[in-house]
Ligand SMILES: [Zn+2]
């Protein structure tokens, strides 16, 4: 169900539409999706991936997102029903969902919506403030926001081109709040490194014009996913990791 709601978020947020109303419609024949045609994954299978009313093909992204979110929930499942375990689950599950929505929206629209960033910040505040000292999150947020902001402003002054989008800078700031000063420095270096390598490959393969903008959010999210969910792996594969 969360995955199904996330599909609505991913479709409507970049189009500036409300995620609450109106109810879902088929984009081709505008027929209302009835509740029993809206059961995550199951309805997609019963409807054989098509609108019940016309021949519109429901994109594979919809059941895949639902399945992925179900998998997140399973992997992050609380070990018991203590308030501590439920609290941790709520935090990590929210982060995973926001990352997935950010990733899919940024790839399609080159946009990291403010509303998702605000939600990420709000769910992070109680977890981070309870788990880390003041200097961790304060310094992390300052470096995460003003570091990339300063570089982008300088780049704009020198070249007259916007390097990083506002959404990227805000996401760096929030991740700094979560990851702390060293964590966010690692994130900035890792995401820039992965982004440059992939960018150069895409330009060499003529899949991307060197002057065309491309989404940077996915690289920030990839690096942050490794740091938050797979900290052992990231230390193992990144020799420059600062501890
Ligand atoms: Zn239809």
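A few remarks follow.
- Selection from the stretch 72-105 of residues that are buried (at least 20 other Cβ atoms within 10 Å of the Cβ) and modelled with pLDDT under 95: none
- For the stretch 25-72, the tally of residues that are away from the ligand (no atom under 16 Å from the Cβ), in contact with a helix residue (DSSP H, G or I) (Cβ under 7 Å, 6 or more places away or on another chain) and part of a loop (DSSP other than H, G, I, E, B) stands at 2.
- Selection within the stretch 151-169 - under 23 Å from the mean Cα position of the chain (by Cα) and within 17 Å of residue 192 (Cβ to Cβ): 151, 152, 162, 163, 164, 165, 167, 168, 169
- Residue match in the stretch 73-85 (condition: within 16 Å of the ligand (Cβ to nearest atom) and farther than 25 Å from residue 227 by Cβ): no
- Set side by side, the residues 60, 35 differ, and just one is modelled with pLDDT under 90 and loosely packed, with under 12 Cβ neighbours inside 10 Å, which is 35.
- Each residue in the stretch 125-162 was checked for being loosely packed, with under 11 Cβ neighbours inside 10 Å and farther than 28 Å from residue 90 by Cβ, and 5 pass.
- Condition check for residue 69: under 25 Å from residue 123 (Cα atoms) and modelled with pLDDT under 95: no
- So residue 12, is it without any contact (Cβ under 8 Å) to a residue 24 or more places away in the chain and either assigned to a loop (DSSP other than H, G, I, E, B) or within 16 Å of the ligand (Cβ to nearest atom) (or both): no
- Checked against the criterion of being surrounded by 15 or more Cβ atoms within 10 Å (Cβ to Cβ), outside any loop (DSSP other than H, G, I, E, B) and within 13 Å of the ligand (Cβ to nearest atom), the stretch 1-8 contains not a single residue that satisfies it.
The values are calculated or read from the model by the stated rules, or taken from the named source; none is laboratory data. Worth saying up front: this structure is predicted, and the values here are computed from it rather than measured. In this analysis, Cβ positions are derived from the backbone assuming ideal geometry, glycine residues included, and neighbour counts consider all displayed protein chains.
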